[in-house]
Every structure is written in structure tokens, then in C-alpha cells.
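Q: Please read through the structure below; I'll follow up with questions.
None of the figures in this text is laboratory data; all of them are computed from the coordinates on show. Every value quoted in this text rests on a predicted model; they were computed, and no experiment measured them. Neighbour counts are summed over all protein chains in view; Cβ atoms, including those assigned to glycine, are modelled from backbone coordinates with ideal geometry.
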Amino acid sequence: MPAYPRLFTPLKLAHLTLPNRILMGSMHTGLEAMKDGPGRLAAFFAERARGGVALIVTGAFSPNVAGCLGPWRETMMDAEDRDRHRAIPQAVHDAGGRILLQLLHGGRYSKNPKLVAPSPIKAPINPLSPRELTSAEVEQTIEDFARGALLAKEAGYDGVEIMGSEGYLINQFLCLRTNQRTDEWGGALENRMRFATGIVRRVRERCGSDFILQYRISVLDLVEGGLSGDEILQLARAIESAGADLLNSGVGWHEARIPTIAHSVPRGGFAWATRRLKEVVTIPVIASNRINAPELAEDILARGDADMVSLARPMLADPDFANKAKAGDRLGINICFGCNQACLDEIFDLRVASCVVNPRACHETELVYRAAQAKKRIAVVGGGPAGLSFAAVAAERGHAVTLYEKSTELGGQFNLARRIPGKQEFGESVAYFAERLRRAGVTVALNHVANDAELKDYDEVVLASGIAPRTPAIPGVEHKKVAGYVDVLSGRVSVGERVVILGAGGIGFDVALYLLERNGKVQVDAQAFSSHWGIVSDAKSAGGLAVEQPHDANPAHRITMLKRSATPFGSTLGKTTGWVHRIELARARVEMLRGVEYRKIDDAGVHIALEGKERVIPADTVVLCTGQDPLRTLASHLEAHGKKPHLIGGAREAGELDAMRAMREGAELAAGI
Ligand code: FAD
Ligand code: SF4
């Protein structure tokens, strides 16, 4: 009996049968412009096809120039595009997979000066204002979608996904929020749906029945003026009638102020919204968002919420997810913990995406792990993300690796991070790497402080010993009410009601969230999440939003965050997750003061100067989140023995440290050693 029987039940579509129920959802990777040709994208998708996923969807390609999301041409609009793409479906087919091209028109989200929309209403997340499409241009845009689909077919794709969710152009036509037209494309829902159904119908007519037509429908808009539950079902029926083969789910417009994929969203937390569709259409429906483990996917299918599941970021974390799940190898799956750091945040900064826990993602042609030519004896000091990443790759390449870790468990700071609400799954990553090390034959010495004498005889020594938290030179910092973030997060100190946090980097924000929400269920329970964020499942509420937005009546602590620099609070947090943190802390009325000079800490609290005025912030507990320094005393000792160690992660550089850099440095060093 397979471990996940429903997940591996074939799915019959119109003209073909998919081998399992796993879709690799669309992700923009930053490679879509194909500046150096299609090779990197082809390698990226082929690796996932070999990994056993049933169906892949590419990142976004626009059917015309106005719909391009970014400054580059990422289109499927002419013979040149078609010919450039050919290598991608070819590589996927050679690897035994199937692939759809996603056609997406950005509408008012496009960051190009030619942006257009149903009505000239600027998006809150785009500085550019759109021009209103004329009625003839709306017709032409439908034609552009049909042309793009046909070109995709000619290029060798198995079908297309029409992107109708996340607030892009098709969504903009559907909702009164963005469509205030008075012609045949605006007004009643029947008119607003005409653009979406027109595209589906025209694509079907143009491409025939031997071509998969998947439509991504917004199952919850999560914005004011979005569609109600009833209207979404009406749309789903209309899309099916127009000729779609599959309905994929999208959740929330990009401008929604509710998290939809970040780690603050419970796993599988939106599958209920897909279930509503399943009850009214006969074509297969696909659940999406925060589905990152096979048992979760199996449960969604077993509950009847969906016929298939879409995993996007989990396919960055582990290209072999499907094959491993099929083999029942749950421990061997590298789990995506929803941080967005190396994927979405990088894309928003116009860089190529990757994955914190798998630095090879989107770099398949550059970061290659080949068998080592000469086997070396290598010592790794530190079992945090940097050391784990290095040890796994180096041992898999054939080196004899010994890893020393001074604490009783592997994971380093991930063992603190996983205590933060929403970051529990960092623990999954530690478990995965521990297993990977075991399989690769790494000798792990826990509870072992490595010293230079035992290290000096190795062929190579890698210092991944991390950081030491910094204690600022503030008079009174030794006061008994002062604690470090490690003590607070480890539960070693009890924290009073009035808390002052010194420092407002990622750890400062995390400590505040930990104190406020550590006993809650918001990040792990879909119902608690919905009531926390004001999401309702009734048939009538526009956008799926409660009329009255929730607020926190009695936060567990009264928190003040202080920082020396005058930069805005939260500016160092992730682009796609930092705003969630900021909303949470604002709701709990956390006071934030910047440009502060610390005077002293005493029984009364923290004495500061702010804009020339002296002030005392009363505190029962003061938490230090005031930076970190590299921990690498062993380096100089080893150098005294004539041995130069390699430094990675926090041991190399503590400033702006994150796990993305730590793991990447580990993997890159291991690939070449
Ligand atoms: P560490 O994780 O510090 O690991 C170093 C290891 O070396 C430790 O286990 C230590 O015990 C061991 N060691 C030290 N000296 C010796 C010795 N002599 N012998 C043997 N062992 C030794 N990063 C993100 O990217 N995203 C996040 O969301 C995030 N959230 C965080 C939340 C919190 C609360 C904290 C504390 C950190 C967070 N981080 C996050 C930071 C991330 O965890 C670090 O960037 C990462 O752990 C650094 O990895 P490292 O391997 O360099 O160091
Ligand atoms: Fe998942 Fe984070 Fe990797 Fe993105 S970077 S795929 S969110 S683990």
C-alpha cells in the first residue's frame, strides 16, 4: 500500500492521464526574460519533471507588451517567442513530464509605462497609473491571449494556464473595485465575466481539444470590492462552460493586507475555499497555498477539498518531492518552510529566485555537485544552517566529513527561530538535514566543543561556528531585569508585563511576536487564522472579508521597541513578510521609537534621549536584540598551527546574516572543495 494513495492515483483529463495529483504551481523565477537563452529555465523545469511531478506551470508570460510585469520582455506573442521557448517543453518531455505555459496579463500591476486596466484606477502597490482599455482593445487583448496560447502549443507546451487570480488583469475585470466601466465589459457580473470567459472560449477554439486549458480562479479575493462566495461559484461554472479542463486556485490579490502564502499562514489553510468550487463544477479543481508536505496533500484529497494539489515553492526546496512521496520517503523531503526569502523576496528585488534550503534552485546549471576527485577528511565546526548545508553536500560528493556541535542538538539558531509563531517548520528543516547527514555517512559529534588540537590534522577545516549575541555598552545593562533574546526564546527567564526590546532587526521583531502570540494558534489553525485576519466563508461577503475587521483587545504584553538608527522600523524585514509583522505589532499597540540614545537601565526602566528630550520607558523586562558578532576564535588558534580554516555563515560575517546566505555559502564551498 503506497504511503499516500490518493496523491498517486492517476487523474484523467480530456485527452491524457496524469500519473499523480501533484501540480508544480507557477512561480516567477527571474529567468523568464531568457537573456542567455532558455537553457537555465529548461534545466530548472527538467529537474522537477525528473522528480516526478505530474504537471508543471511556467512563470508568467504576457500575451502582449502592455501586460508584462517587469521592465523586461517576458512574452508569448510572436514567432520569435515561440522559437525561443521550444527548448523548455522539449527538456520537460525528455524528462518524462508535462508543462503548461502561464499566460498572465498584469493590468494595473504591470511595472511598465504602457500599463492598462479596465478602469484608470491606480493599484495601491504600483506607483504607475493605468490607462483605460478601449472596448476594441479589450477584444484585441482576448485575441492576444488566444494567439499566445496557440504559439505555446506550437512551441510544444502541453497547454496553458490562464492567470485569472491574484488581482491581475482578468481579476481586475471581474471586480467592481477595479472595473467601473459602463460598456459591455462592466456593470453586472455577467458583463464583468465576459473578458475571462471570452479568453477561455477563444483559447479553446484556437487550440483544439488536445491542449490542456487550466484557469486559475481567485477562490478568495481578500480585498474590499472583491467577489463574494456566490459570485465566485457563478464564475467557476461559466469558466467550465467556456471550455476549461482544470480549475487551479489563487488566493488573495497582491494588494490584500492578509497573508496568503507567508509562514504565518497555516499549512493548507485555504483548501476550504477550493472545496466550494468542487461542489459546483465537474472538472478537476486544484487546491493551493502552503501545501508543503505529502501527508497534508493526501488529507486535502481525502477530505474531498480538491482533486489535485498545487505545490510551488516546495518544488524549489525539493525537486524530487513527488518521487520521494511516492516512495514513502517523508524524512527525505526537504520541506519549504514558507519564508519567501530566497524566492519571492528576491524576485521583488528583480533578482533570480532560489531557495534558502536548496541553493541549487534556479541555479541548476551553475551550482553542480559532482563526485569529488580526491576524498578528503574534513572537519566542520558547528551544526547550524551553514555547517549542515556544507556537511551534506561535501559528504554526498564523497568526502569523509565529521561535524562537531557543542550543543546537544543540530540546528544552531534554527532551534530558536522555530519557537517564533509561524517559524515552527524551521524545525522540519533541521530534521531533514540531520537525516541527510546520516544517509551521507557524516560523523556527527554532539555535545562536543571542537578544539584546535583535534582539528589540526584534518585535510580541511570548516568553521561554521556562528555568532555570539552582542551586549551593548549601556550603563546598567547587567541589571537583573535585562535578558538576552536567547534566554527569552529558550524560556530560561520569565518575562514581565511591560517589556522594552532594544534593537529592531529581524530578531527584535521576532521576539515581540513571540511574546504576543506564543500561546496562540493563528499560524497553525485555519479557523483561528481566519478569525484573526477577518476572513469569512459565507456566500455573500464581498472579497471574503468580515464587515468589521478584528483587533487585539488585550495583548499579552505592553511592548516598546527602541532603536538607535533613524531608519523606519521593519525596513530590514523581508519584502513579502515584513508587512505582516508590522501589522501584527501595530494591532498589539507595540510602541516603536527610533533615533533613540540609550542613557542607562535601572529599576525604573530604560532611560533614553529622544529628539533632545530625556524620557524613561518603564520596564519589567528589557530584552537585548542588539546585534551579533562572528564566533571564530578557533580560526586564529588553527592558523597558529599553520592551518587556514574556511569560514562560512555567521562565523565569516555576522552583519546582515540570514540562513539564505549561511546555507548558500555552505553549499558553494562544499561544491568546490
Ligand atoms: P548558527 O546557526 O549560529 O550555528 C552555529 C553552530 O555552531 C551552533 O549550533 C553552535 O552551537 C555551534 N558551535 C559554535 N562554536 C562551536 C564549537 N567550538 N564547537 C562545536 N560547535 C560550535 N534566518 C533566516 O534566514 N530567516 C529567519 O526567519 C530567521 N529567523 C530567525 C529567528 C531567530 C529568533 C534567530 C535567533 C535567528 C533567525 N535567523 C533567521 C537567523 C539564522 O538562524 C542564522 O542566520 C543562521 O542560523 C546562521 O547559521 P550559522 O550556521 O552561520 O550559525
Ligand atoms: Fe520555501 Fe523559503 Fe525556499 Fe522560498 S526560500 S522555497 S519560502 S523555504
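Q: Can you flag which of LYS35/LYS575; LYS423/LYS521; LYS111/LYS153; LYS111/LYS575 are past 22 Å Cα-Cα?
A: Check vs 22 Å cut-off fails for LYS35/LYS575; LYS111/LYS153.
Q: Write down the Å³ per residue value for the convex hull defined by the alpha carbon atoms of the stretch 482-626.
A: Normalising the Cα hull of the stretch 482-626 by residue number yields 128 Å³.
Q: Once R0 is set to 30 Å, what does the formula 1/(1 + (r/R0)^6) return for the Cβ-Cβ distance between ARG84 and ILE125, expressed as a FRET efficiency to the nearest 0.05?
A: 0.50
Q: Related question: Starting from 0.36 nm per residue, how many nanometres of slack lie between GLU154 and MET1 once their C-alpha separation is accounted for?
A: 51.0 nm
Q: Oh, and also: With each run of n ≥ 4 DSSP H residues scored as -39500 (n - 2.57), what mean residue ellipticity at 222 nm is computed for the chain after dividing by its residue count and rounding to the nearest 500 deg cm²/dmol?
A: Result for the chain: -9000 deg cm²/dmol, rounded to the nearest 500.
Q: Let me ask you something else. Under a no-solvent Debye model with one identical scatterer per Cα of the stretch 98-187, what's log10 I(q)/I(0) at q = 0.11 Å⁻¹?
A: Rounded to two decimals, the profile gives -0.33.
Q: I'd like the projected area of the chain, averaged over all directions, using the convex hull of its alpha carbons. Report it in nm² with one decimal. Mind showing how you got there, number by number?
A: Numbers: hull surface 122.7 nm².
Answer in nm², one decimal: 30.7.
Q: Against the globular-protein guess of 2.2 N^0.38 Å, express the Cα radius of gyration of the stretch 169-307 as a ratio, rounded to two decimals.
A: Normalised Rg, Cα atoms only: 1.07.
Q: Return the distance in nm (one decimal) between the two label points of a simple spin-label model at GLU224 and SER135, each offset 7 Å from Cα along Cα→Cβ.
A: Those two pseudo-labels are separated by 3.2 nm.
Q: Restrict the search to the stretch 135-240; then list the GluC sites (Glu not before Pro) that DSSP places in a loop and that have at most 15 other Cβ atoms within 10 Å of their Cβ.
A: GLU184, GLU224
Q: If you don't mind, another one. In degrees from 0 to 90, rounded to the nearest 10, what is the angle of the helix 385-396 Cα long axis to the longest principal axis of the chain?
A: Helix 385-396 sits at roughly 80 degrees to that axis.
Q: Given the stretch 553-673, report the % of alpha carbon pairs whose separation exceeds 26 Å. Write out the running numbers ahead of the final one.
A: On the way: 3241 of 7260 pairs.
For the stretch 553-673, the share of Cα pairs beyond 26 Å comes to 45 percent.
Q: Which FRET efficiency, nearest 0.05, do ASP525 and HIS641 yield, Cβ-Cβ r, R0 60 Å?
A: 0.65
Q: I would also like to ask the following. Out of all DSSP beta bridges with both ends in the stretch 482-626, state the antiparallel percent to the nearest 5. It would help to have the intermediate numbers written out before the result.
A: Numbers: 12 of 27 bridges.
Of the beta bridges lying entirely in the stretch 482-626, close to 45 percent run antiparallel.
Q: Between 0 and 90 degrees, rounded to the nearest ten: what's the tilt of helix 294-303 against the longest Cα principal axis of the chain?
A: Approximately 40 degrees, to the nearest ten.
Q: Where q = 0.08, 0.09, 0.10 Å⁻¹, what log10 of I(q)/I(0) comes from the Debye formula for the stretch 11-348, counting one point per Cα?
A: Here log10 of I(q) over I(0) equals -0.32, -0.42, -0.52.
Q: Among the lysines, which have Cα under 23 Å from the Cα of LYS613 when same-chain residues fewer than 8 positions away are ignored?
A: LYS563, LYS600
Q: How many angstrom lie between the C-alpha centres of the stretch 519-535 and the stretch 573-588?
A: 16
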